[in-house]
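**Student:** Before we start, here is the structure in question, set down as structure tokens.
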Amino acid sequence: RFDRQVQVDKPDLNGRKEIFLVHLQGIKLDGEPDEFAGRLAGLTPGFSGADIANICNEAAIVAARRKGDSVSVIDFEKATDRIIGGLESNKIMSKEERSIVAHH
């Protein structure tokens, strides 16, 4: 039925910790999953379960790029920054491009 809607709030601190514990199961970590989950849950207020899954996947990718044996807290911090801020952009615009953007 489409006439009923159920509102689901984003998880609180304990909910985020539990979600992290689920998504950390397949990842080789530097430390204990409980320690990672607690710290990461505190760093990610307002994140949904999908956001948390993205952070875990991105952290594994960051660790693989640095050729690490396991995923560290620093990898998760970089992944969180990337999820929040998007991809890094080092593009420098020429004067012509700036003029086009300014006058469009």
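**Student:** For Asp69, indicate whether it is in a loop (DSSP other than H, G, I, E, B), among the charged types (D, E, K, R) and either crowded, with 18+ Cβ neighbours inside 10 Å or touching a residue at least 12 places away in the same chain (Cβ under 8 Å) (or both).
**Tutor:** Considered against the rule, which asks whether it is in a loop (DSSP other than H, G, I, E, B), among the charged types (D, E, K, R) and either crowded, with 18+ Cβ neighbours inside 10 Å or touching a residue at least 12 places away in the same chain (Cβ under 8 Å) (or both), Asp69 comes out as yes.
**Student:** I need the full set of residues from the range 3-38 which are open to solvent by 80 Å² or more (accessible area, probe 1.4 Å) and in contact with a Lys or Arg (Cβ under 9 Å, 6 or more places away or on another chain), in order please.
**Tutor:** Hits for the range 3-38 are Lys10, Asp34.
**Student:** Something else about it: Check whether at least one residue in the range 77-92 is part of a loop (DSSP other than H, G, I, E, B) and of a type in the set (Asp, Glu), and report yes or no.
**Tutor:** Yes, the conditions are met somewhere in the range 77-92.
The values are calculated or read from the model by the stated rules, or taken from the named source; none is laboratory data. Computed from a predicted model, the values in this text were never measured in an experiment. Methodologically, a virtual Cβ is constructed for each residue, glycine included, from the backbone with ideal geometry; neighbour enumeration extends over all protein chains shown. The protein model used for the area step is the full one, side chains on, heavy atoms only, and it has no ligands, DNA or RNA in it. Shrake-Rupley method; radii C 1.70, N 1.55, O 1.52, S 1.80 Å.
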